[in-house]
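Taken together, the values in this text are just the output of simple stated rules run on the coordinates, not laboratory data. These numbers come from a predicted model, not from an experiment. Methodologically, a virtual Cβ is constructed for each residue, glycine included, from the backbone with ideal geometry; neighbour enumeration extends over all protein chains shown.
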Amino acid sequence: MNEERREKRLISEGRLFVLERADLDLDCLTQVAGLYADVFAPPPWNEFVKCNCCECFHGMETSIGERCDCGGEFGEAYPLEETIEYIKSEADKKGFRMAVYKEAEKILGFSWSYLTTPGELSTRKWKTSGDIRFVLNSLLERSNDQEIRYFSECGVSPNMRGRGLANELTSAVTGPETTVYRTNCLSPMMAVAQRLGFVQIMGPEVIVDRESRVFIETGQVIGKRDDTNPQRTLFVK
């Protein structure tokens with residue numbers, strides 16, 4: 001059995017749905033928001049708690065209520081109500097498209113994307129002039145200032161990983177437009193990018209060993225390193 005057929009068999013117990021803004025009821029928003037917090041708490045993201053002063057994230061080794069070095073206090077990184085509002089704000093963007101994977105009405109995976117432009121995306125998502133200039137020029141070379149699709153988020157429940165679900169969720173919300181997404185160089189999404197034919201244009205080069213699910217940094221940098229987050233990568237298709 002080839003890998004693609006194996007992946008489809010392994011996720012065949014549930015169903016994948018593609019949703020628009022009007023389809024997002026409170027149950028869907030609540031489930032996705034809760035899963036979002038669970039997905040990004042462990043490595044490589046380590047976004048379990050967030051300082052109420054400097055807004056830095058720490059992983060699961062840090063407890064809610066602990067003090068940050070800046071003097072602030074750590075709280076939940078993604079409180080439920082705030083995360084629901086974040087998802088709503090994303091859903092209000094042009095061309096929003098969400099995919100959810102369900103088993104017995106429980107959401108075990110999600111992804112979403114929306115339409116934007118190279119200028120809007122580069123200034124919204126990057127902070128330094130060097131990063132903004134590099135990203136803008138790279139995207140203009142590929143899109144000629146036309147609309148592009150930004151693949152914003154993807155998350156899969158830990159007990160569902162390794163079954164090809166992230167590939168399905170990613171494919172479900174990408175379209176004919178030039179599609180862009182960024183991720184951590186040690187994230188499983190690096191393997192998804194390679195599998196789906198995305199091209200890395202920024203960040204650390206990584207060798208992906210799909211068999212053992214190991215990500216090895218080569219020490220080389222493609223394009224340039226992100227000034228704010230040195231482990232961030234950027235892909236385009």
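Which entries of 50/237; 102/127; 125/224; 125/237; 88/224; 106/237 show an alpha-carbon separation above 25 angstrom in the structure shown?
Details: 50/237 33 Å; 102/127 36 Å; 125/224 16 Å; 125/237 18 Å; 88/224 33 Å; 106/237 31 Å.
Violating the 25 Å Cα-Cα cut-off are 50/237; 102/127; 88/224; 106/237.
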### Message
Could you tell me the extents of the stretch 92-166's C-alpha atoms along the three principal axes, largest first, rounded to whole Å?
### Response
45, 23, 20
### Query
Using 17 Å as the cut-off for backbone N distance, which residues of the stretch 62-94 belong to the label zone defined by a point 7 Å from the Cα of residue 17 along Cα→Cβ?
88, 91
### Task
Indicate the gyration tensor shape class of the stretch 99-237 (rounded, prolate or oblate), computed on the Cα atoms with a ≥ b ≥ c the square roots of the eigenvalues: a/c under 1.5 is rounded; otherwise a/b larger than b/c is prolate and the rest oblate.
oblate
### Task
Classify the stretch 170-237 as rounded, prolate or oblate, taking a ≥ b ≥ c as the square roots of the eigenvalues of its Cα gyration tensor: rounded when a/c is under 1.5, otherwise prolate if a/b is larger than b/c and oblate if not.
oblate
## Note on the structure
Of all trypsin sites (Lys or Arg not before Pro) in the stretch 41-99, the ones in DSSP coil with at most 12 other Cβ atoms within 10 Å are 94
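Return the ratio Rg/(2.2 N^0.38 Å) for the chain, where Rg is computed over Cα atoms only. Kindly include the intermediate steps, with their values, before the conclusion.
Values: Rg = 17.9 Å, N = 237, 2.2 N^0.38 = 17.6 Å.
Its radius of gyration relative to the 2.2 N^0.38 Å reference: 1.02.
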#### Entry: Packing-based order for 167-173, 125-131, using average beta carbon neighbours within 10 Å, highest first
167-173, 125-131
### Message
For the stretch 34-114, what are Rg and Dmax over the alpha carbons, in angstrom?
### Response
14.7, 45
### Query
Alpha carbon centre of the stretch 143-158 versus the stretch 59-92: separation in Å?
23
### Query
Any idea how far apart residue 229 and residue 124 come out in nm if each label point goes 7 Å out from Cα toward Cβ?
1.6
